[in-house]
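Engineer: Sharing a structure with you now.
The values are calculated or read from the model by the stated rules, or taken from the named source; none is laboratory data. Small disclaimer: the values here were computed from a predicted structure and weren't measured. In this analysis, Cβ positions are derived from the backbone assuming ideal geometry, glycine residues included, and neighbour counts consider all displayed protein chains. Remember, those area values only see protein heavy atoms, side chains included, never the ligands or the DNA or RNA. Shrake-Rupley method; radii C 1.70, N 1.55, O 1.52, S 1.80 Å.
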Amino acid sequence: MPLHVHQSSTCDVCQEEYYNFSALLDGEVVPRTPHGIGCGHVFCIQCLKACRPSQCPLCRVPYDATRIKKLHVDKHTADGYDSFAKEEIRQVRSTVRGFEEGLSDQVINELLVEASTWLNGGAGYGSSSTGIRSEAVKTIYDALFRYKTIVRQTSSFEDERRELHRQINILKGEVLTAEVVERSLIEEQTKMKAEVIRLLSNDNTTLNILCSLTTDCALWINTSTINTMKLGSLGKKIGN
Ligand SMILES: [Zn+2]
Ligand SMILES: [Zn+2]
């Protein structure tokens, strides 16, 4: 367990709580964080930088103002978690909440960016103490990435499925149209057959006309067959 600074710990010079109070430092307002000097005593950075001459406010041993050491300690907060663990837990929670609410592309991307920022120590997170404790965030990152890949594959399958469905519907429509046309042709044929039979049985003149037509047809077919044969043999001759 890393060294903790209790939430009520104060700097012995300004009497203000570390981390909970801020003050100006090099033109910027930053939290009062604990820093150590050569003698081993600890004060806030602002007080140490302001001390003239540079000697320990408690034991009076001079210190080198350029060699003030920042102490890498975690802030002990009211609910017992240090800030690092707290941030880690917040990440896990926001991811779980995202999953519960059904992750949209946008949410997945936001969570991925947040996790990778954390892992790379950006945005003030992470730092040297990250180490093994970021395993949770690393796991979240990997899981999110896998999830994103699967979502992408699923949606491309869904697109393909929809396209096939559309094509099947078009084909179904064509089959239906063909069936309607076929049915009307059969009806027409049946009607014509009935009409021919009626004419044949009632009207000798028509019968004669039909007979002559049939003979004409037969003759025509015959002639064209002979012509075709002639053409065929002619073709062969030319070919030879
Ligand atoms: Zn101070
Ligand atoms: Zn001292």
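Engineer: If you scan the stretch 6-35, which residues turn out to be within 13 Å of ligand 1 (Cβ to nearest atom) and in contact (Cβ under 8 Å) with a residue 24 or more places away in the chain? Working first, answer last.
Structural biologist: Restricting attention to the stretch 6-35, the residues satisfying the condition of being within 13 Å of ligand 1 (Cβ to nearest atom) are 9-25, 30-35.
Hits for the stretch 6-35 are Ser9, Cys11, Asp12, Val13, Cys14, Glu16, Tyr18, Tyr19, Leu25, Thr33, Pro34, His35.
Engineer: Please count how many residues of the stretch 15-49 are within 16 Å of ligand 2 (Cβ to nearest atom) and either open to solvent by less than 30 Å² (accessible area, probe 1.4 Å) or over 16 Å from Leu71 (Cα atoms) (or both).
Structural biologist: So the answer is 9.
Engineer: Here is a check on your reading of the model: is Leu58 away from ligand 2 (no atom under 14 Å from the Cβ), out of contact with any Asp or Glu (no Cβ under 6 Å at 6 or more places or on another chain) and touching a residue at least 12 places away in the same chain (Cβ under 8 Å)?
Structural biologist: On the way: away from ligand 2 (no atom under 14 Å from the Cβ): no; out of contact with any Asp or Glu (no Cβ under 6 Å at 6 or more places or on another chain): yes; touching a residue at least 12 places away in the same chain (Cβ under 8 Å): yes.
No, not satisfied.
Engineer: Scan the stretch 143-185 for residues that are of a type in the set (Phe, Trp, Tyr) and open to solvent by 80 Å² or more (accessible area, probe 1.4 Å) and jot them down. Reasoning before the result, please.
Structural biologist: The first filter runs over the stretch 143-185 and keeps only residues of a type in the set (Phe, Trp, Tyr), leaving 145, 147, 157.
Of everything in the stretch 143-185, those that are of a type in the set (Phe, Trp, Tyr) and open to solvent by 80 Å² or more (accessible area, probe 1.4 Å) turn out to be Phe145, Phe157.
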